[in-house]
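Okay, structure first, notes after.
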Amino acid sequence: MQTLPQKLDFTLRAALPPIMTLFFILFAAMPMSWAFLSDLVTPLAFASVCFWVIYTPEIFGARWSFFFGLIQDVLAGGVFGVTALAYLLAERVLRHQPPHLLQQSFGIFWLLYALLAVCAGLIQWGAASLLLRDFAAIEPVTLRAALGIGIFPGVVFILSQFQRAFIGRI
Amino acid sequence: MSPAARKKSLFLPSTLRPFAPQISLLGFASLILLILTLNVFFPQVLVTMRVGLIDLLTPLLQLVGAPGDMLGNTSMNFKDIGRLREENESMRKEIAELKSWRDAATQLAQENKELKALLKYKDDSAISFLTARVLARAGGDFTKSVIVTAGARDGVIKDMVALTEDGVIGRVIEVGEWSARVLLMNDFSFRLPVLIEDTKEQAILTGAGEEAPRLLYLPIDANVKPGMQILTSGHGGIFPPYLPVGRVAEVKGREVFAAPYATPERLQIVRLVQYNIPGVTGKAENKPAEPAATPENKP
């Protein structure tokens, strides 16, 4: 039977991954003086979702992935539901990997993340093309995916330090 | 089973708990299908939901953006201290010049008023405007829009024109209680009826994301050269005529690229203007925008 302080501790620690992901989403939406900076921070949210799904699967699952995908769609103003679909698919793919494989092998995690980032970009490209009734430019998608793949090791390092320090094993 | 996992499956009957992941997946897939269907058949429902959610997110966006604003203002203050004397001198000269222009403008305005009265001319000038701060740069790879800190409560209505000091930047497409979304000129779905000032040839300016906007539907024999000014043509009933848009940047065969005056990078303040365009249904009956009591709107 958990005491009140234990329940409170668990709740606060369980809330940190969603709070961090929400912060990344809102931070990426801030007007920035330099365009390249905003391009750099935009993939943070997707990287965060993928990280927490692997490292805290008990608290960050389909519901949070879907919810944050919807938040992205609300802010972006594009086709509603597309980012939620992309995040949900990423979560499902990551969940079906062998337990602890991605935690123990960063190279495989990075490779899988790269594939997921490209697929998420293609889903958004497809939705934009349908909306425009014409093939949309593919360059923004490839650039965004490449940036996301490039910054992923840094993101994982920061989040894993945070996870060890404040969340631990739930 | 961990406390978190145990807690999640308590909502299901015990017979269904082993299938919790599959049920969850089915639930989300149905929800996404519903949302995508609403996108196609009832888009207005989603727009209403979206503006409501943005209103809810507005305080969080302001909170997250506050440190950045403070840092930006502090750095600007330090820069300003360095060039105060220089600025003072140049502003004194500018004030003297503007005073003489003011006198000339007053005289011309009076003359204009008398001539319009003689001709019984119906005025389509701007009836009201308000200034709003950009709260969030909302957009992905294919959507370019910003969310501003003014909504229905401040008098913002759909299709208000968004201007910067340089020219047209977009128009209002969604309005919530506390915020509004402005579709920017570089969005792929942005269309603006324009004309080339020198030749009066008409075209449609269309956004192209990170690339320069293009002018479509120019006549085949159009005589367009780089450097020519582009203005709004007034067609379509949303943008009044002769607002500055940009210049022709490049002509590659039949493709004409524009260089807008107003650029979305570093966009911080926009002016939302409601124009009284004659003959447009609903525009004349719309409640005029009351200038919002915000710091940006004070003289």
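Taking the residues in segment A:117-145 that are farther than 19 Å from residue B:39 by Cβ and open to solvent by less than 60 Å² (accessible area, probe 1.4 Å) as candidates, determine which candidate is farthest from the chain's Cα centre (by Cα).
Filtering first and then ranking leaves A:137.
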Note on residue B:140: of the conditions (1) modelled with pLDDT of 90 or more; (2) within 12 Å of chain A (Cβ to nearest Cβ); (3) under 25 Å from residue B:66 (Cβ atoms), unmet is (1)
Boolean, residue B:90 is over 28 Å from residue B:181 (Cα atoms) and within 11 Å of chain A (Cβ to nearest Cβ):
no
Please go through segment A:92-115 and give me each residue that is open to solvent by less than 60 Å² (accessible area, probe 1.4 Å), of a type in the set (A, V, I, L, M) and farther than 11 Å from residue A:54 by Cα, ordered by number.
A:112, A:114
Can you confirm whether residue B:212 is within 18 Å of the chain's Cα centre (by Cα) and free of Cβ contacts under 8 Å to residues at least 24 places away in the same chain?
no
As an exercise: evaluate residue A:58 against (1) part of a helix (DSSP H, G or I); (2) in contact with a helix residue (DSSP H, G or I) (Cβ under 6 Å, 6 or more places away or on another chain); (3) not small (Gly, Ala, Ser) and give the number of the one condition it does not meet.
(1)
Take the conditions closer than 21 Å to residue B:263 by Cβ and in contact (Cβ under 8 Å) with a residue 12 or more places away in the chain and apply them to residue B:195. Does it pass?
no
Exactly one condition in (1) of a type outside the set (S, T, N, Q); (2) in a helix (DSSP H, G or I); (3) facing chain B (nearest Cβ under 8 Å) is false for residue A:49; which is it?
(3)
Filter result (without any contact (Cβ under 8 Å) to a residue 40 or more places away in the chain and closer than 17 Å to residue A:37 by Cα) within segment A:150-170:
A:150, A:154
Can you name the condition, by its number, that residue A:93 falls short on among (1) outside any helix (DSSP H, G or I); (2) in contact with a helix residue (DSSP H, G or I) (Cβ under 9 Å, 6 or more places away or on another chain); (3) not aromatic (Phe, Trp, Tyr)?
(1)
Look through B:234, B:246 and report the one residue that is within 18 Å of the chain's Cα centre (by Cα), of a type outside the set (Phe, Trp, Tyr) and open to solvent by less than 10 Å² (accessible area, probe 1.4 Å).
B:246
Of everything in segment A:68-82 that's assigned to a helix (DSSP H, G or I) and either in contact with a Phe, Trp or Tyr (Cβ under 8 Å, 6 or more places away or on another chain) or under 14 Å from residue A:21 (Cα atoms) (or both), which residue is farthest from the other protein chains (Cβ to nearest Cβ)?
A:68
Output yes when any residue across segment A:11-18 is β-branched (Val, Ile, Thr) and either closer than 24 Å to residue B:136 by Cβ or assigned to a loop (DSSP other than H, G, I, E, B) (or both), and no when none is.
no
Qualifying positions in segment B:1-20 - modelled with pLDDT of 75 or more and either within 15 Å of residue A:57 (Cα to Cα) or aliphatic (A, V, I, L, M) (or both):
B:16, B:20
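Listed here are the residues, each with its yes/no results for (1) within 20 Å of residue B:163 (Cα to Cα); (2) in contact with a Phe, Trp or Tyr (Cβ under 6 Å, 6 or more places away or on another chain); (3) within 14 Å of chain A (Cβ to nearest Cβ).
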{"site": "B:195", "(1), (2), (3)": "yes, no, no"}
{"site": "B:199", "(1), (2), (3)": "no, no, no"}
{"site": "B:207", "(1), (2), (3)": "yes, yes, yes"}
{"site": "B:219", "(1), (2), (3)": "no, no, no"}
{"site": "B:224", "(1), (2), (3)": "no, no, no"}
{"site": "B:229", "(1), (2), (3)": "yes, no, no"}
{"site": "B:237", "(1), (2), (3)": "yes, no, no"}
Here is a list: B:143, B:164. Which entry is in contact with a helix residue (DSSP H, G or I) (Cβ under 6 Å, 6 or more places away or on another chain) and not aromatic (Phe, Trp, Tyr)?
B:143
Quick one: is residue A:65 under 28 Å from residue B:189 (Cβ atoms) and either away from every other protein chain (no Cβ under 11 Å) or surrounded by fewer than 20 Cβ atoms within 10 Å (Cβ to Cβ) (or both)?
no
Tally up the residues in segment A:12-39 that are open to solvent by 50 Å² or more (accessible area, probe 1.4 Å), more than 10 Å from chain B (Cβ to nearest Cβ) and either within 14 Å of the chain's Cα centre (by Cα) or of a type in the set (Val, Ile, Thr) (or both), please.
1
Whether any residue in segment B:149-161 is in a strand (DSSP E or B), away from every other protein chain (no Cβ under 11 Å) and open to solvent by 10 Å² or more (accessible area, probe 1.4 Å) is what I want to check.
no
Condition broken by residue B:143, with the remaining ones in (1) polar (S, T, N, Q); (2) open to solvent by less than 40 Å² (accessible area, probe 1.4 Å); (3) under 16 Å from residue B:239 (Cα atoms) satisfied
(3)
Residue count, segment B:252-275, condition under 15 Å from residue B:206 (Cα atoms) and part of a strand (DSSP E or B), comes to 6
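The values are calculated or read from the model by the stated rules, or taken from the named source; none is laboratory data. Since the structure is predicted, the reported quantities are computational estimates derived from the model, not experimental observations. Quick reminder, even Gly has a Cβ in these numbers, built from the backbone with ideal geometry, and neighbours come from all protein chains shown. Each accessible area value is taken on the protein alone, full model and side chains, heavy atoms only, with ligands, DNA and RNA left out. Shrake-Rupley method; radii C 1.70, N 1.55, O 1.52, S 1.80 Å.
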